[in-house]
1. Tell me what the chain gives for mean residue ellipticity at 222 nm when only DSSP H runs of n ≥ 4 count, each as -39,500 (n - 2.57), the sum divided by the residue total, rounded to 500 deg cm²/dmol.
2. Assuming R0 = 22 Å, can you tell me the calculated FRET efficiency for the pair SER93 and ASP188, based on Cβ-Cβ distance, to the nearest 0.05?
3. To the nearest 0.05, how large is the calculated FRET efficiency for ASN299 and LYS418 if R₀ is 45 Å and r is the Cβ-Cβ distance?
4. What's the lysine pair count for segment 342-470 at a Cα cut-off below 29 Å, pairs eight or more apart or interchain?
5. Along the Cα→Cβ direction, 7 angstrom out, place labels at ILE487 and ALA39. What is the inter-label distance in nm?
6. When the chain is fully extended, how far beyond the present Cα-Cα distance does VAL397 get from ILE180, taking 0.36 nm per residue of separation?
7. Binned at 5 Å from 0, what are the whole-percent values of the Cα-Cα distance distribution for segment 361-494, short to long?
8. What distance in nm separates the simple spin-label points at ASN161 and GLU14, each placed 7 Å from Cα in the Cβ direction?
Amino acid sequence: MEDLFKKLISHSKEYGFIFQSSEIYDGLSAVYDYGQYGAALKNNIRDYWWKAMTQLNEEVVGIDSAIFMHPMVWKASGHVDAFNDPLIDNKDSKKRYRADVLIEEHIEKMQQKINKEVEKARKRFGDAFDEKQFCETNPRVLKYSEKIKDVTEKMVDYLDNNKLDDLKILIEEEGIVCPISGSRNWTDVRQFNLMFDTKLGSLAEGSNTIYLRPETAQGIFVNYLNVQKTGRMKLPFGIAQTGKAFRNEIVARQFIFRMREFEQMEMQYFVKPGTEKEWFELWRERRMNWHNSFGFDANKFRWHKHDKLAHYANAAYDIEFEFPFGFKELEGIHSRTDFDLKQHQEFSGKKLQFFDLEAGESYVPYVVETSIGLDRTFLMILTAAYCEETVGNEERVVLKIPAPIAPIKAAIMPLVKKDGLPEIAREIINELKFDLTCQYDEKDSIGRRYRRQDAIGTPFCITVDHQTIEDKTVTIRYRDSMEQERIPIEKVSKIVREKADIRNLLKKL
Ligand code: GAP
C-alpha cells in the first residue's frame, strides 16, 4: 500500500494532476497546486457534488460566502478558544509533533505486532486457525491488547480534560522517541491554535486581527437568516457551499490528505428540533449513495461512529475510505443541534430563529451537517481509479475515472500526420469541443498515444484512419475494456456525450 501511495504521488506529478506549491523554490510544506488535469478533475468533482446537493434537492440552495469573516464569528463558534492541537517539540531534532499523533502511532505499532502474531499463527495452524480464540488466549496478544486499551484510555482522558502535563508523562513512560533524532528529549506539551491570522486594513488606520476561515460552515450559519428570508425557505431546508479553508496543521503530510490550504464542500440542513435524527439518517444514506455512485469497490468505504460526541452534537458518523495508508476519514455527517445558531444569536445579539406557522411558535432550528474535503475526495478517486495492467507484453497504467468526471472526455487522433487525416480529426474536434473537453493528439505511435490517454483517464479515443476518407467512419476505443468499434463520424458526439453525461451519476442517487 505504501508503494501504491508513492506511485500515486509520482503519477499525479508526471501527468499534470498535482504539483508541489512553489516547487521551483523547493516547495511549501503541505501546500499543493493542481495542474491542468487535476484542476479539471477537481472542478468536475465539485460540480457533481454541487448538482447532487442543489439541483436534485429543491430545498437545498447554494451560497458563496467570503473567506474573511468578522473575528467574533470565530469567538462564537468556539474556534478561538478550542480549535487547538496539543503539540510537543523534540529538543534535539527541533521537530514539532502532535502529541496525540505520536501516541496514536505508538498504538499503531503495537497493533502491528498483534497483526504479526496473528499472521504467524495463521500460517502455523492453516485452515484450523480460529483468529478470535487466538486473540483471546495468546499471552503476547493479550499483553499488547491491554496495553493499547490502557494507553488509549489515558490519552482520551488527558486530551478531553486538557491534562497536558500528563500527556507528556505518558509519552515519556511509553518510551516514545523522536523518529528523526531517536531521542526522548521532549519539551512540555502546549496547545496550538490551528487558525491562521492576518491583519485587516493598513497598519496606519489601526489594524484588526482576522482569521482565514478554518471551515466553510460558519459562512453558512451567519447567512442562515438572509437565505431563509430572501428565499422564503421553510424548514427543512439546506444551504450548501464549497470553498477554501485554512488550517495550520502541525502534522501536515500524506500528500493532499492533510493540507494547510484545502477545499471543503459543506451543507447545513436546518430542521425542526426533535426531527433531527430522521434527517440525519436520511443524509447518511444520501451521502453514502453519492460515494457509491462512482462505481468503485463498496468495501473501500465504511462507517465510523463517534462514540464520544462533542458537547453540542447528538449523533456523528464519518465515512471512511481505505486510502493507501489505511481507512481514514473522508466525510463527516454530524447532527449539531442548535449549538452554532444559538452561539451566533448570543454573540451577535440578533435573533436567528424560524417562525413555524403551523406550530405558531418561533425556535432556533437544529442542524444536520455534511462536510467533505474536496481534496480528500480527489485522493479517494485517484486511489480507487489507479490500475496497473498487463497488455500483451506491456504494462499500462490506467486511471479508471468515471467518464462524467474524467478531465478529458475524448482524445481525437489521426493515425498518421498526413493524407488529410489531421484535417478530418480537427473537424471532429471542432464540433465536439462545444459540448466536451477534448484533446487533439497526433504525436508518437498510436499505441503510445493510447497509453498517454489511459494515464490521464480519458475514457474515449477516436482514431481517424484511411478508411475514414472512404466511408466517414472512425474507431472509438474504450479505455477500460480497450475494445474498439467502428462508428460513423456523425455518431461520435452523441455516443460520447451520452456516456460522459453527469446525468449518469446523478440518476444513481
Ligand atoms: N464543519 C465541520 C468540519 O470542518 P472537519 O472534520 O474538521 O469538520 C471536514 O472537516 C472535512 O474536511 C474532513 O472530513 C476532511 O475531508 C476535510 N479536511 C479537514 N481538514 C483537512 C485538511 N487539513 N486537509 C484536507 N482536508 C481536510
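1. The helix contribution divided over the chain gives -12000 deg cm²/dmol.
2. Numbers: r = 17 Å, r/R0 = 0.76.
Efficiency computed from Cβ-Cβ geometry: 0.85.
3. For ASN299 and LYS418, the calculated efficiency is 0.35.
4. 15
5. Going from the ILE487 label point to the ALA39 one covers 2.9 nm.
6. Full-extension gain reported as 74.7 nm.
7. P(r) for segment 361-494, in whole percents per bin: 2, 10, 18, 19, 17, 11, 8, 4, 3, 3, 2, 2, 2, 1, 0, 0.
8. 5.3 nm
The values are calculated or read from the model by the stated rules, or taken from the named source; none is laboratory data. Computed from a predicted model, the values in this text were never measured in an experiment. With ideal geometry, Cβ positions are generated from the backbone for all residues, glycine too; neighbour counts draw on all protein chains shown. Ligands, DNA and RNA are stripped out before the accessible areas are found, and what is left, the full protein with its side chains, is counted by its heavy atoms. Shrake-Rupley method; radii C 1.70, N 1.55, O 1.52, S 1.80 Å.
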